[in-house]
Amino acid sequence: MARLSDKLSLVQTKALQLRDSYEAFLQDRQATEASILQLAQLLETRKCTAVTILPHQKSGEGSLGATAAALIPLPPAANDRVRSVSFAADEAVQECMYQVPSDRWPLHGHLASPEGPESEIAFDSPSATKLGGRKITLQTKSAYLDCILIEPMLKRLEPDDFVTSGLAICLHGQDSGDDPALEWAQVLKHTKLLDAGISVLVHEVPLNVVADVEALVEAALQQLDVVRCLLIGKALGAPMAAAMAEADSRLVETCSLAGVLFVTPPPGDVPEACSRLQVPSFILGGRGDMCTRDWIEAMREQDTMPFAWQMASASGTDLARIVRKDKEAATKIRLFSIAVLLMAEFSNADDPSWNDSSQLPGHVVRLCEELPDYLAEELIGTNESGCQGQGLAAVATLRCRDVGAPCLAVELHEILNFWVRRGLVQQATATE
C-alpha cells in the first residue's frame, strides 16, 4: 500500500507540473501573439518589411516588439532621405544606413560617417553641407586657409585602414560663379572621383596669387599625410594650376604633383607656363569655347609630357552643367585623374617599398579597377597567362606575381602614358 500511495502521489505531482506547463504555454502563446501584432504594427508604422534580431540582442525579459522597437529606425520625416551603402572587402560586407534631411544629403552620396563626431560633418558650414565634407583649416607659413575636405565614405568609416588613392585639389577664382560649392558638388556627383577612392579638397576663399596656391597645396599634403595630388584649375584657377606644374615648381621637384586639369580657362593670352609643363595635363572646355581652343593649340606645341583634351557637347563655362550634359567629359575627368595618379605611383617604382614585392598596393588595385578592361590586353604576356576577358586590376595582379611589382610598374606606366596621349579612348578600336 505504501508503494501504491507513493506512485499515486508521484502521478499527482506530474499532473500538476503538466498543468502548470500548459498554463505557461498558453501565457507564452498569448504573449507571442501580442508581440507579433505589436511587431507588425511597428513595421507598418516605420515603413519596414523585415527586421533581424540576433540572439544576443533579445533579452529574456523584454518582448519581441520591445526589442524590435529599439532596433528598427524611426520612419523618415517628409524631407528625409534614407540611403544604404555597402562595402565589400575580403568577403566581409559592412552596410551603413543613413537617415538625414534632404538638404544635408550630398549630391555625390558620400556622407560623413554617422559614428564620427557631429562637428566633423560640418553642418554649420553651408559649403561643407553642400559638398558633404568637413571643414578644415590649413596652416601655412603666412596664413590660415579654410577648406572643405570631401573624402570617400569608406575613408570616414575606416580611417586607420583605408588608404586614399590620392588627393584632387580644386582651384577656382573669383569668376567661378555665385555658388562654387554647389558647382563642385555636382561635378563630384557626375565624375565619381570619390568612388575611385580619391579625396577632394576645395578652398572656401578664392586664391589670387600663385604663392598662396603653392602654400595651400604643400600644407594640404603635409597635414593630410598625402604623398601626391592632382590639380583641377577652373577659370582663373587654370593659370595658377599651370604655374604649379612648371619645372621650377617645388611640387614638381618633390614629385608631389601627378597631373593638372584645366577647365574652361579664362580669356586672355595663354600662360607661357603651358609650354613648360612637367606633368601630364588635360584640357576641357565648352562647345565653341575659343579660349579653350587657344590653350589646346598652345599645349600641342609641347610634346614632352602626355596631354589630352576634350571639347564638350555642352556650351558655356559652368562645369557642373558641362559634366551633367556630357557624360563622356565627366568620365574623362575621372579617367585622366586615375591615370596620372597611377603613373606618378609607377614612376616611383625604384622606391624600396616596391622592391621584391609580388603584390600591388590596395589603392593601386582600386584605381586599376576603374580603368577600361581593354587596357589589360596591352600588358605583355596576358595571352600566355590565360587572362583573356579579365579587367586590368585582375590581370595586373596576376602578372605582378610573375614579374614583380617594379617590372609591372614600368609596363603599366608605358601603357597609361600612351593611352593618355591617344585621348583616353574608352574602348579598343578595330585598328588596335
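Please treat every number below as a calculation from the coordinates, not as lab data. The model shown is predicted, which means the values in this text are computed figures rather than measured ones. Cβ placement follows ideal geometry from the backbone for every residue including glycine, while neighbour counts extend to all protein chains displayed.
Results, tabulated for the structure shown:
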item	result
Restraint check, K141/K192; K141/K234; K141/K327; K135/K189; K155/K234, Cα-Cα greater than 31 Å	K141/K192; K141/K327
Selection from H190, L157, A238, by position along the positive dipole direction of the stretch 147-344 (Cβ)	H190
Per DSSP, loop GluC sites (Glu not before Pro) in the stretch 246-342 with at most 14 further Cβ within 10 Å	E301
Inter-probe distance in nm under a simple model that places probes 7 Å from Cα toward Cβ, at V227 and V163	0.7 nm
Neighbour-count ranking [beta-carbon atoms within 10 angstrom, fewest first] of C291, C400	C291, C400
Kirkwood hydrodynamic radius over Cα pairs of the stretch 136-214, then Stokes diffusion coefficient at 4 °C and 1.567 mPa s, in µm²/s	94 µm²/s
FRET E, pair A143, R321, Förster distance 41 Å, beta-carbon r, rounded to 0.05	0.80
Inter-site label distance for N208 and L182 at 7 Å from Cα along Cβ, in nm	2.5 nm
Over the stretch 147-344, volume per residue of the alpha carbon convex hull, in Å³	105 Å³
Dipole in debye (nearest 20) - the stretch 147-344, about Cα centre, beta carbon charges: Lys, Arg +1; Asp, Glu -1	740 debye
Relative packing of 227-235, 357-365, 312-320, which averages over residues the other C-beta atoms within 10 Å, highest first	227-235, 312-320, 357-365
